[in-house]
1. If each residue of separation counts as 0.36 nm, what is the full-extension length gain between residue 307 and residue 86 once their alpha-carbon separation is subtracted?
2. Roughly speaking, what is the stretch gain from residue 331 to residue 200, that is 0.36 nm per residue apart minus the C-alpha to C-alpha distance, in nm to one decimal?
3. Which percent of the accessible area of the stretch 147-220 is formed by carbon and sulfur heavy atoms (probe 1.4 angstrom)?
4. Under unit Cβ charges (Lys, Arg +1; Asp, Glu -1), what dipole magnitude, rounded to 20 debye, does the stretch 10-105 have relative to its Cα centre?
5. If you put +1 on each Lys and Arg Cβ and -1 on each Asp and Glu Cβ, how big is the dipole of the stretch 146-234 around its Cα centre, in Debye rounded to 20?
6. How would you classify the stretch 71-211 from its alpha-carbon gyration tensor, with a ≥ b ≥ c the square roots of the eigenvalues: rounded for a/c under 1.5, else prolate if a/b is greater than b/c, otherwise oblate?
7. If you keep only loop residues by DSSP, which GluC sites (Glu not before Pro) in the stretch 177-225 have at most 12 other Cβ atoms within 10 Å of their Cβ?
8. For the stretch 11-87, with every protein chain kept in place, what is the accessible area per residue (1.4 Å probe, Å²)?
Amino acid sequence: MFAMLIEIRCDEFKINNRPRPPIRFHAGLNAVLGDDRGSNSIGKSTLLMIIDFVFGGNDYVDKQKDVQQEFPGHTIQFAFEWGGQRHYFSRSTVNKSEVAVCDENYNVRETISLDKYCQMLFGAYELYLPSITFRNVVGRYFRVRKRGNLNESHPLLAVAREKDADAITTLIKLFDRYSLIAEYEKKKKESEEKDKAFRVAQKFELISKITKKQYEANLKKIDELTEQLTALSQRSSEKLLEADAAEVAAQSQTRSECTYAKRQRTRLQSRLTAIDKDIAGDIPFDDMDFADLGRFFPGVDLKTIQCVTNFHENLRTVLNDEFRSERESLRAMIALLNGQIAQMEAAMLKSGELSKISKRILDEYATAKSEIDKLTSLNSRYDESLDLKEKKNSLTADLVESKGSQTRILQNDINNEMRKINDIIQEGRVVPPVLTFKDDASGYHFETPKDGGTGTAFIGLIDFDLSVLRMTVLPALIHDSFMFKQIAVEPVERIMKLYAEQTNKQIFIEFDRVASYTAETARLLRSPDIKVIELSKDEPLFGRSWNSDDDAQ
């Protein structure tokens, strides 16, 4: 059993000053009837707006300001049936963003968000469509004048300012032909994000940005430097051309470091030799030296000289200790330098032919090669920017082609189905409406060729809605009485019969002046299997009428 709305009730619904019983709904056609006088302001279109409210819409609160002013803060209670069970809910006009989940007596069990509620209906109706919401499925096919989507020449319109391209994309999704397009859209979005990120990085100078003129100048400079590298290799070794800038620079740097290390070692070795000599020249005075001094210089104060000598001896001892310590330190440093020099010389030898090339040539080569790498990197950023733009444009073209391919299929299928329905309504005497999409799926045209009459235009809109209802998982339609008032009596009868045949879905309409149509139309609409409520000036939906400029209410 498919899901369907089965009842709506509200404490503000009155009849003879007493609460109205619940308004019951059924599968197929559900007619809200007015009186034969065509009385307005009795609640016909308001009830259709409430049905839209029950299906998750907001226009009943946002656009029925007269009702909200007359009955502020009221609650609509309603029930659906799916999965063999009844599910009860209520929704207040005060907080339209929430829906209450109720028991069978409409006692609130929990409150959920409107989004969650719509997701619940999405699953209840087993729509199983990717990348689309429940409201995007049903909203545009609930046609009530107050909602702003009753435009006979724009059947895809959901709201007044919706872009045609967005409406077309939604139609493609409803027909479950969106998966291939979604893949292209994903790739296009990723490409656009990469292109945007690249341009932002250039803006903040995280990535260099050059012009086409600079790009061409860089190419010329790269050619000149390449010739310079060739000349250097011819003067030294062809191995230069096989080496990259980093390798050559490393060779030159190693040579510089090795030379510096050798110079440092030489200085340390000179210092070590001097210290060795200082330590080797250490000959202390003895007693014989002082005796000889006394003989050669009678009367000299040997005691004082001996004290000075002792002081010098003590100082020499301290200095010698420091010399020996420094000598050990110098020997360790020289040993370390010897090891480093040996490693660097071994590394230079491993570079083969490069080790035989003069440092000057290596430096010139490394500088030129480094400049080439820098210019090449700059140009590669320019190339990358062009590639990103080209890829984005290519994916955009693929997306347009994919959408165009899908809309051509839909155009053919929908037009064929509308032709079948129109032949029934118009008995084959009037050409059917034609839906034509632009090649890039950015827009569409909808008309009945050779007939610009208002009645024919609204028949075309009904043809379209019934075609979509038959061909997709769309669960319900709402059609305002304004659509039927423009159509001749006999076609209306055939339309009502087509509505009544849709027994596996629900169609909600408002209709007045039933007696003005054929006896078959009156019989059909007044039958208990189709009529859900009959309103009049004496028995309006809310128990009383109020002034309104809305002729459709």
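The values are calculated or read from the model by the stated rules, or taken from the named source; none is laboratory data. Worth saying up front: this structure is predicted, and the values here are computed from it rather than measured. For neighbour counting, all protein chains shown are included, and Cβ atoms are generated from backbone atoms with ideal geometry for every residue, glycine included. Areas reflect the complete protein model, heavy atoms only, side chains present, ligands, DNA and RNA absent. Shrake-Rupley method; radii C 1.70, N 1.55, O 1.52, S 1.80 Å.
1. Values: separation 221, 0.36 × 221 = 79.56 nm, distance 12.25 nm.
Extending this stretch completely gives an extra 67.3 nm.
2. Values: separation 131, 0.36 × 131 = 47.16 nm, distance 5.82 nm.
Roughly 41.3 nm would be gained on extension.
3. C and S atoms contribute 50 percent here.
4. The dipole of the stretch 10-105 has a size of about 160 debye.
5. Dipole of the stretch 146-234, to the nearest 20 debye: 360 debye.
6. prolate
7. Working: sites: 183, 185, 190, 192, 193, 205, 216, 224; in loops: 205.
The qualifying sites are 205.
8. 38 Å²
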